[in-house]
Amino acid sequence: MWLHAFLDRLLRLIGRKGRNPPGAGPGDACSLLIDPFAGEASDAVEDAREGSVPVDTIRAACRRMQGAATKGELLRIIAGEVGAFDLHDLEAMNVRFERKVENLPEDYRDRLLASVREEIFGAHHRLFLLSRNGSDPGMDDPPDPALGAYAAMVAEACATKAREKDPKYLYLKYLLSGFTMFVMREPAHPVGTPFPGGQIVDEWEGAYLCPVRDMADDVPYALCPYCPSVQSTEPTFPEMRARRRERRRRECLANYWTNYKG
């Protein structure tokens with residue numbers, strides 16, 4: 001009930017409500033982006049070759065993450081956990097999402113999939129580059145205090161998932177997102193990730209803007225409450241960047257003439 005109400009509110013804010021075939025509406029896309037448990041019915045039977053990740057192992061790793069004193073220490077913990085997965089796992093994770101969005105409109109689906117591939121493969125590549133390079137500016141800084149709550153949420157979400165099926169891919173998603181949000185201090189969904197209706201995750205003057213950031217706090221096990229992005233106060237359509245630049249230019253000019261003492 002809460003999810004239907006949330007999606008209805010979300011569509012009124014960022015999209016256009018209309019008639020769509022099952023599995024092809026904006027609500028489906030929003031749900032898949034925000035709710036990590038969405039689209040479970042479309043998951044295929046797990047490959048028999050794929051190993052599982054015990055819940056006790058996940059809980060132990062989450063406790064280590066909670067105890068990380070620096071971003072560098074957190075990076076090493078996450079890299080160690082992700083190291084147990086291989087390229088096949090990343091590809092399988094991507095294919096699972098492709099199946100979930102196969103009925104979305106082609107143009108939107110292609111843009112969404114490009115962002116999801118960056119979310120998976122891009123994060124994985126940066127994670128291991130950074131961990132192999134050793135030191136990096138900011139790695140001695142403490143992680144955001146929300147890390148403790150995030151790690152506790154991951155352990156609970158994976159335990160919930162394990163009651164029905166292997167939490168392996170859910171855990172991998174949380175690990176990659178944890179690296180992105182708490183080590184890199186970037187939004188879980190990359191800048192440019194499209195939402196139905198045309199708005200995107202955007203960046204402006206050092207801040208990450210999301211059109212749904214404050215609306216997903218009540219979705220169980222969502223990444224949104226821990227994401228460093230902020231709720232946008234105006235639409236984040238791609239063309240808004242040019243408007244913001246023009247507005248800032250005008251403000252700078254007005255400030256210059258106001259304070260000009262020549």
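Just to check your reading of the model, which residue among GLY27, GLY51, GLY23, GLY18 is part of a helix (DSSP H, G or I), at pLDDT below 95 and over 20 Å from VAL183 (Cα atoms)? Full working, then the answer.
Working: GLY51 fails: part of a helix (DSSP H, G or I); GLY23 fails: part of a helix (DSSP H, G or I); GLY18 fails: part of a helix (DSSP H, G or I).
On inspection, the qualifying residue turns out to be GLY27.
Residue by residue through the stretch 77-92, note down the ones that are in a helix (DSSP H, G or I) and surrounded by fewer than 17 Cβ atoms within 10 Å (Cβ to Cβ). Full working, then the answer.
First, pick out the residues of the stretch 77-92 that are in a helix (DSSP H, G or I): 77-82, 87-92.
Scanning the stretch 77-92 gives GLY80, LEU87, HIS88, GLU91.
Among the candidates MET153, MET139, MET181, which residue alone is over 14 Å from the mean Cα position of the chain (by Cα), touching a residue at least 40 places away in the same chain (Cβ under 8 Å), closer than 23 Å to THR70 by Cα and surrounded by 19 or more Cβ atoms within 10 Å (Cβ to Cβ)? Show your work before the answer.
On the way: MET139 fails: surrounded by 19 or more Cβ atoms within 10 Å (Cβ to Cβ); MET181 fails: over 14 Å from the mean Cα position of the chain (by Cα).
Selected residue: MET153, the only one of MET153, MET139, MET181 that is over 14 Å from the mean Cα position of the chain (by Cα), touching a residue at least 40 places away in the same chain (Cβ under 8 Å), closer than 23 Å to THR70 by Cα and surrounded by 19 or more Cβ atoms within 10 Å (Cβ to Cβ).
Taking ALA159 as the residue in question, decide whether it is hydrophobic (A, V, I, L, M, F, W, C), within 30 Å of GLY67 (Cβ to Cβ), modelled with pLDDT of 95 or more and loosely packed, with under 14 Cβ neighbours inside 10 Å. I'd like the intermediate steps shown before the answer.
Details: hydrophobic (A, V, I, L, M, F, W, C): yes; within 30 Å of GLY67 (Cβ to Cβ): yes; modelled with pLDDT of 95 or more: yes; loosely packed, with under 14 Cβ neighbours inside 10 Å: no.
So ALA159 does not fit the description; no.
For the stretch 93-103, does any single residue satisfy the condition of being out of contact with any strand residue (DSSP E or B) (no Cβ under 6 Å at 6 or more places or on another chain), surrounded by fewer than 14 Cβ atoms within 10 Å (Cβ to Cβ), modelled with pLDDT under 95 and part of a loop (DSSP other than H, G, I, E, B)?
Within the stretch 93-103 (the criterion being out of contact with any strand residue (DSSP E or B) (no Cβ under 6 Å at 6 or more places or on another chain), surrounded by fewer than 14 Cβ atoms within 10 Å (Cβ to Cβ), modelled with pLDDT under 95 and part of a loop (DSSP other than H, G, I, E, B)), the answer is yes, since at least one residue qualifies.
Suppose we filter the stretch 117-164 for residues that are among the charged types (D, E, K, R) and not in a helix (DSSP H, G or I); how many remain? Walk me through it before giving the result.
At the first step, the residues of the stretch 117-164 found to be among the charged types (D, E, K, R) are 117-119, 126, 132, 136, 140-141, 144, 156, 161, 163-164.
Of the ones still in play, those that are also not in a helix (DSSP H, G or I) are 136, 140-141, 144, 163-164.
Number of matching residues: 6.
The values are calculated or read from the model by the stated rules, or taken from the named source; none is laboratory data. It should be emphasised that the depicted structure is a prediction, and the values quoted were computed from it without experimental measurement. Quick reminder, even Gly has a Cβ in these numbers, built from the backbone with ideal geometry, and neighbours come from all protein chains shown.
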